[in-house]
Amino acid sequence: MSLDTTIPLYDDSRLSRVLCVAAHPDDLEYGTSAAVARWTARGLHVSYLLLTSGEAGMRSRDPEEVGPLRAAEQRRACALVGVDDLLILDLPDGTLQADVETRRRIARRIREVRPELVVTQPWDLHVPWGLNHADHRAAGIATVDAVRDADNPWVFRDLMEQEHLEPWAVSELMVIGADPATHLIDVGGAPLEQGIASLEAHEEYLAELGDAGDVRGMLESAMAEAAAASDVAGPTHALGATVHRMA
């Protein structure tokens, strides 16, 4: 995240419902879940939509074993930040596409949840930590398109005519991890601790990656650096976000 200038804090006081969309179990735990912990503590209803079960994510284990394992770890992670609305789709891990069907399924969930804010992943090839994962890029760009689809009565007409899901206009789209950040979310204190615990809940997945011992230091240092760019004094840890007005 660029720290060339000060960055305002995101005003979440008007929110009541948030939908977080990501490709895999654990994706939302690399920072976003700390913001989610802040929001649920304030009484917001936060829903998670994962497009795959992450079944291709552990080289040493068969996908038929890994999918249920990672879903169970995700449920534990959700509980730690106050999320009880988790939907995991059956789209293919590793070959996720930003195609019409993926857009349809995200748009359906947007119309069901009716959030003011949708949170997703960067769709850029180059991200601050390196080259972005193909599934992350697909999830991000499909979500951008699905936000618009969800508000268009003439796209996916079956959602309204057969499933009685009326169009819904999302007010803002938030991308976590994009550069440059336009806003910061204050996650100091309990939200950060809950966010760390939620990532640690992916115990077997992290062990497979060899990252199990680095979780706290990684998140604390990244969020302390982000907080230093705040345009107000006070936040000790913050999450950088790029916010797009949609409606």
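Using the alpha-carbon centroid of each, what span in Å lies between the stretch 201-242 and the stretch 109-149?
Using only Cα atoms, the two centres lie 20 Å from each other.
At a 1.4 Å probe, what is the % contribution of carbon and sulfur to the accessible area of the chain?
50 percent
Rank ALA181, LEU69, VAL170 by how far each Cα sits towards the positive end of the charge dipole of the chain (+1 on Lys, Arg Cβ; -1 on Asp, Glu Cβ) and give me just the farthest.
Going by the charge dipole, the pick is VAL170.
Would you work out the relative contact order for the stretch 1-160, in percent, from Cα pairs under 8 angstrom that are 6 or more residues apart? Could you put the intermediate results ahead of the total?
Values: 238 pairs, mean separation 42.0, N = 160.
So the answer I get is 26 percent.
Might you report the magnitude of the Cβ-based charge dipole of the stretch 117-247 about its Cα centre, with Lys and Arg at +1 and Asp and Glu at -1, to the nearest 20 debye? It would help to have the intermediate numbers written out before the result.
Values: 5 positive and 22 negative charges, 83 e Å.
Charge dipole of the stretch 117-247: 400 debye, to the nearest 20.
Classify the chain as rounded, prolate or oblate from the Cα gyration tensor: take a ≥ b ≥ c as the square roots of its eigenvalues, call it rounded if a/c is under 1.5, otherwise prolate when a/b beats b/c and oblate if not.
Since a/c reaches 1.5 but b/c is at least a/b, the shape of the chain is classed as oblate.
Accessible area per residue for the chain in Å², computed with a 1.4 Å probe and the full protein assembly in place, what is it?
That works out to 44 Å² for each residue.
Between MET160, TYR48, LEU125, whose Cα lies farthest towards the positive end of the dipole of the stretch 33-161 when Lys and Arg beta carbons carry +1 and Asp and Glu beta carbons carry -1, centred on the Cα centre?
Farthest towards the positive end: TYR48.
Could you work out how much longer the chain between GLU220 and HIS164 gets when fully extended? Use 0.36 nm per residue separation minus the Cα distance between them, nm to one decimal. Could the numbers behind the result be given before it?
Numbers: separation 56, 0.36 × 56 = 20.16 nm, distance 4.43 nm.
Going from the current span to full extension adds 15.7 nm.
Put a dot 7 Å past each Cα toward the Cβ at ALA228 and ALA79; how far apart are the dots in nm?
The two pseudo-label positions are separated by 3.8 nm.
Show me the ranking of peptides 153-163, 218-228, 135-145 by mean Cβ neighbours inside 10 Å, starting with the highest.
Packing order, densest peptide first, comes out as 135-145, 218-228, 153-163.
By accessible area of protein heavy atoms, probe 1.4 Å, what ranking do HIS237, HIS126, HIS133 get, highest first?
HIS126, HIS133, HIS237
Listed highest first by mean packing, meaning other Cβ atoms within 10 Å per residue, what order do 91-98, 104-111 come in?
104-111, 91-98
Nothing charged except the Cβ atoms of Lys and Arg (+1) and of Asp and Glu (-1): what's the magnitude of the dipole of the chain about its Cα centre? Round to the nearest 20 debye. Mind showing how you got there, number by number?
On the way: 21 positive and 41 negative charges, 134 e Å.
Charge dipole of the chain: 640 debye, to the nearest 20.
The values are calculated or read from the model by the stated rules, or taken from the named source; none is laboratory data. As the structure is a computational prediction, the values presented were derived from the model and not from experiment. Heads up, the Cβs are rebuilt from the backbone with ideal geometry, glycines too, and the neighbour counts pull from every protein chain shown. For the accessible areas, the whole protein counts, side chains as well, though only heavy atoms, and no ligand, DNA or RNA atoms are used. Shrake-Rupley method; radii C 1.70, N 1.55, O 1.52, S 1.80 Å.
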